[in-house]
Amino acid sequence: MLRPVSSRLRRDSDLYALEAALLRRGLGPVAGADEAGRGACAGPLVVAAVSLPPNARLDELNDSKLLTEAARERVFERLRRSRAAMSVVMYEPDEIDRRGIAVCNLEGMRVAVARLPERPGYVLTDGFPVPGLPGSLGVVKGDRTAACVAAAGVVAKVTRDRIMCELDRRRPEYGFAVHKGYSTPAHEAALRRWGPCEDHRMSYANVAASAVGRPDVPAGA
């Protein structure tokens, strides 16, 4: 019987070493799952799962937070050209408000993995294990340790950033294209001036507070 892979492997300096170890043990294909937008107070939560082709090596692939916007776009296109298997799941603000961000995040990981065209033999998730996802390992700083997790982070981030830029064209007063829905000083100032819109998460304290005393903002925006 194959023993679970030790989390000690997460510190290997080679971004592809953990997946290579799993493949050598016959646990492939290996998929990674990650999200974008969990900490934002506006816009969707986007969860992605990616399974890289065997022996894939992508220039610039890294934790999406360490890449510039232009670099993320380049990596995203390289992933598409590499024929990596990709799956994306989105949760809109109203569903996040109803069910909670943690529930949506964990469910999104399971659903994104299930929607991959080929069932993975093993799944790596960023930071924490996902209940109900068999044959998986939560990897500390997984987006800086495992290529498939880094790839999933890039796919989730690029997908969400594009959505936020589209929302900005519709509601330019909030500056979504700049802060992507996170609680920056500029975003907080816009919330105080304009109140929340339908793209905000009303269950978040700062958003709910910005709606107090505004009869023009319906319950739940």
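When a/c is below 1.5 the answer is rounded, else prolate if a/b is larger than b/c, else oblate, so apply that to region 53-123 with a ≥ b ≥ c taken from the square roots of the Cα gyration tensor eigenvalues. Oblate shape, in that a/c is at least 1.5 and b/c is the bigger or equal ratio. Annotation: the chain has a Kirkwood hydrodynamic radius of 18.1 angstrom, from the mean reciprocal C-alpha pair distance. Only beta bridges with both residues in the chain are counted; by DSSP, about 65 percent of them are antiparallel.
What order, most packed first, do the peptides 199-208, 54-63, 34-43 have when packing is the mean number of other Cβ atoms within 10 Å of each residue?
On the way: 199-208: 19.1, 54-63: 15.0, 34-43: 24.1.
Highest to lowest by the protection proxy: 34-43, 199-208, 54-63.
Using only the Cα atoms of region 100-147, build the gyration tensor, take square roots of its eigenvalues as a ≥ b ≥ c, and label the shape rounded, prolate or oblate: rounded if a/c is under 1.5, else prolate if a/b is larger than b/c, else oblate. Verdict is oblate for region 100-147.
Neighbour counting of Cβ atoms within 10 Å sorts the residues V212, V158, V47, V88, fewest neighbours leading, into V212, V88, V158, V47. Hydrophobic long helices, here whole DSSP H runs in the chain with Kyte-Doolittle means of at least -1.0 and Cα atoms spread over 24 Å or more along the helix axis, are found at 147-170.
Tell me what the chain gives for mean residue ellipticity at 222 nm when only DSSP H runs of n ≥ 4 count, each as -39,500 (n - 2.57), the sum divided by the residue total, rounded to 500 deg cm²/dmol. Calculated at 222 nm, the ellipticity per residue is -12000 deg cm²/dmol.
Rounded to two decimals, the Cα radius of gyration of region 172-211 over 2.2 N^0.38 Å is 0.99. Once the Cα-Cα distance is subtracted from the 0.36 nm per residue extended length, the R83 to E173 segment shows a gain of 28.6 nm.
Any read-out appearing in this document is the output of simple, stated calculations on the displayed coordinates, not a laboratory observation. Since the model is a prediction, treat every value here as computed from it, not as a measurement. As a convention, Cβ positions derive from the backbone with ideal geometry for all residues, glycine included, and neighbour counts pool all protein chains shown.
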